[in-house]
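Please treat every number below as a calculation from the coordinates, not as lab data. Everything numeric in this text was worked out from a predicted model, so none of it was measured. So basically every Cβ, Gly included, is an ideal-geometry build from the backbone, and we count neighbours across all protein chains shown.
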Amino acid sequence: MIDGGKKITLPPFQLALVAAPWHLCNRPAIQLGSLKAYLQQEAPWIKIRNHHPYLDVAREIGTADYQRIAADMWLSEALYAGALFPELEQKALRLARRQRKKAGLTNRFEPSSVSVACQRALTAWIDSIDWSGYELIGFSVCFHQLLASLFCARRIKQLYPSAVIVFGGSSVLPDMEQCLSHQAGVDFCISGEGELPLLRLIEELSATKERRTPKKNAAKSAGQLRQLDKLALPPPDYDDFFADMRRSFPSAPFIPVLPIEFSRGCWWNKCSFCNLNLQWQGYRQKSAKQMLYEVTFLRHRHQCLDFTFTDNSLPRAASRIFFEKMRQEKGETHFFAELRVEHTTDFALFRKGGLTEAQVGIEALSASLLARMRKGVSVMDNVFAMKKAAELEIILQGNLITEFPGSTEQERDETLRVLDFVFPYTPLAAATFFLGHDSPVCNFPSRFGIASFGVHPKYRALLPQDVLREMPLLVKGYRGDRSRQRRLWQPVVRKIERWRRYHEKRNCSAKTIPLLTFRDGGDFLIIRQETESGRVLHHRLAGASRAIYLACAHPVRLDEINRCFPELTLEAIHRFLNELCSKRLVFAAEDRYLGLAVSQSAAQR
Ligand code: SF4
């Protein structure tokens, strides 16, 4: 700390940072790793220990079940609800039982015993640490970590009443502090980016020594702080995670996936259903050079080859430079990233640079639905993204949002029709629409046919009435056309389920080539098409037919094709392409055509 030009050496300040269940157990928490690295760089007098008690819980209940639970918001939160609010225990367990099938768990999974095991593991972890040695204990509260974090904070306060606790993270909203203070003795809340407010809080606590005086909200001062310099962030510090992993899994250590952050915020930031960035609307990104340095540093330090970008969507220009450099390295480093459909033209480069898996923001296969969701892409763009991922063997994860408020029969029927064409590609997951707090749909409900909104009914099984009154929560319940939407989208849900089952069954067999491929014979090509019934069809296209099909490798307009084949009439090309559309070898939308078959040699490379 600098005061009046003089450097002052401060006594060490002991800080604990905690990521509670249900953080995914095969990876460290980047929130903790980034905070530790930043604070150590800015203020070496802060001594930080990051804690990962989710590893203790994963060991107790098994990593496979743990990961399934972690993916389900309601099930995961329900397992700590009864311990916090005994009057709700039975309701919470009933909710957990209803959710277990959706989470992929069988009836052998009994929430009452798992809940006891989860509580036992966290209690043992809390009791194993002397919390009096810390001057501040911080919880990073993101997806599905609210109740487990409250469970920990409450017990720490019971055992160490003078402990000072701060909550931050994406699930901590500005108006929560009073309730968190009341429920678990939480002293401070940080909402939004954590680095600078946490540093400021520690400096204040250190300087004033008034560590027992609860403040209203440390985040209030964050708005006045200068923007965090993107270059000031060192690589996340994951050393404590690896120490905790060795302790929790001494005999069977797994090789973790390491989270990395290229950008913060969303460069699109317009989707009408999204509330991912409600606390902070800004955007910043690192340079490709910095990202490369981080990957190299973390790979060597921890001997891991799998990385997951935490970005909402990778920055466009910088990620091209990054993957080009990774391609030149010819290493075997693998990446997962969330991408927007606009990245499709970069998929080939990304794949060569190590991107093996991507969550692509598909969300809808109806033009008017995409417009209402403000996705900024077309149905053709979505289908092309799915085709390119299949061709390049990028494992595509994509959602199809069902029951979007105000959806019409026409939109549902258009979705069903397009699903027939994307059948050869990796199935999407049906994701029921939820109303996100402060999302554009929530802020302008009447535009989307929502009559009113309030507490989501499932929260009533997790939190008592007084908490529900006080605490803003990320997911809302609403009234509108919900029952109609549920009925309307049933055929889509069933179709997606059949699609998923077909691919799952097929992936277990020796057949590994994609369902729709072609082989080029120079002046003819043969298309191999495996249909939903399992029947295999072959189509031979020769001469101009072959050339037109190859010209449709990317979405292309009829007049553009015609320019390449002036000897053919527009009507003849149109007729030919329509015939291929009827066989589902070509997809047509917005006056553009796309050949759906992927080159067999490209797919097998
Ligand atoms: S859904 Fe994704 S792309 Fe759309 S605004 Fe949210 S973060 Fe951005």
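Sorted from fewest to most neighbouring beta carbons within 10 Å, what does the list 414, 504, 357 look like?
Result, fewest neighbours first: 504, 357, 414.
How do 586-594, 360-368, 165-173 rank on mean C-beta neighbours within 10 Å, highest first?
Result, highest mean first: 165-173, 360-368, 586-594.
Is any residue of the stretch 318-337 close enough, with backbone N under 11 Å, to a label point placed 7 angstrom from the Cα of residue 280 along the Cα-Cβ axis, and if so, which?
Flagged as within label range: none.
Considering the convex hull of the alpha carbon atoms of the chain, report its projected area averaged over all viewing directions, in nm², one decimal. Don't skip to the end; give the middle numbers.
Working: hull surface 119.5 nm².
Answer in nm², one decimal: 29.9.
At R0 = 45 Å, how high is the FRET efficiency between residue 505 and residue 182 if r is their beta carbon distance? Nearest 0.05 is fine.
The pair residue 505/residue 182 has a calculated efficiency of 0.30.
Below 8 Å, C-alpha to C-alpha, sequence gap of six or more: please give me the relative contact order for the chain in percent. Could the numbers behind the result be given before it?
Details: 1027 pairs, mean separation 64.7, N = 605.
11 percent.
Once each part is reduced to its C-alpha centroid, what is the distance from the stretch 531-546 to the stretch 416-491 in angstrom?
41 Å
Multiply the residue gap between residue 575 and residue 408 by 0.36 nm, knock off their C-alpha separation, and tell me the result in nm, one decimal place.
So the extension gain works out to 57.1 nm.
Given a Förster distance of 35 angstrom, what is the FRET efficiency for residue 345 paired with residue 535, based on the Cβ-Cβ distance and rounded to 0.05?
For residue 345 and residue 535, the calculated efficiency is 0.55.
What FRET efficiency comes out for residue 567 versus residue 452 if R0 is 56 angstrom and r is the Cβ-Cβ distance? Round to the nearest 0.05.
0.35
Rounded, prolate or oblate for the stretch 298-338? Axes are the square roots of the Cα gyration tensor eigenvalues, ordered a ≥ b ≥ c, and the cut-off for rounded is a/c under 1.5.
Here the stretch 298-338 falls in the oblate category.
What is the antiparallel percent of DSSP beta bridges lying wholly in the chain, to the nearest 5?
Details: 28 of 66 bridges.
In the chain, DSSP labels about 40 percent of beta bridges as antiparallel.
Just name one of 80, 37, 26: the one whose Cα is farthest towards the positive end of the charge dipole of the stretch 20-111 (beta-carbon charges, Lys/Arg +1, Asp/Glu -1).
26
Suppose the chain between residue 420 and residue 524 were pulled fully straight at 0.36 nm per residue; how much longer would it get relative to their current alpha carbon spacing?
Details: separation 104, 0.36 × 104 = 37.44 nm, distance 2.61 nm.
Using 0.36 nm per residue and subtracting the Cα-Cα distance, I get 34.8 nm.
Rounding to the nearest 10 and keeping the result within 0 to 90°, find how far the Cα-based axis of helix 482-507 lies from the longest principal axis of the chain.
Roughly 80 degrees between the two axes.
Relative to a virtual label point 7 Å from the Cα of residue 444 in the Cα→beta-carbon direction, which members of the stretch 369-385 show backbone nitrogen distances below 16 Å?
So the set is 369-376.
Provide the gained length on full extension for the span residue 71 to residue 289, in nm with one decimal, where the gain is 0.36 nm per separating residue minus the Cα-Cα distance.
Numbers: separation 218, 0.36 × 218 = 78.48 nm, distance 3.30 nm.
Full-extension gain reported as 75.2 nm.
Distances over 19 Å make up what percent of all Cα-Cα pairs in the stretch 303-371?
33 percent
Each label point is 7 Å from the Cα along the Cα-to-Cβ direction; what then is the distance between the points at residue 87 and residue 559, in nm?
Going by the 7 Å Cα→Cβ label model, 7.0 nm.
Compute the helix-to-body angle for 89-100: its Cα long axis versus the longest principal axis of the chain, expressed 0 to 90° and rounded to tens.
Helix 89-100 sits roughly 30 degrees off the main axis of the chain.
Using label points projected 7 Å from each Cα along Cα→Cβ, tell me how many nm separate residue 469 and residue 431, to one decimal.
Modelled inter-label distance: 3.5 nm.
Going by how many other beta carbons lie within 10 Å of each one, how would you line up 408, 517, fewest first? All intermediate terms of the calculation are to be shown ahead of the outcome.
Details: 408 12, 517 22.
Listing 408, 517 from fewest to most nearby Cβ atoms yields 408, 517.
Determine the shape class of the stretch 155-212: with a ≥ b ≥ c the square roots of the Cα gyration tensor eigenvalues, call it rounded for a/c under 1.5, and otherwise prolate if a/b is greater than b/c, oblate otherwise.
oblate
On each of the three principal axes of the Cα atoms of the stretch 349-437, give max minus min coordinate, whole Å, ordered largest first.
On the principal axes, the stretch 349-437 reaches 41, 32, 20 Å in Cα extent.
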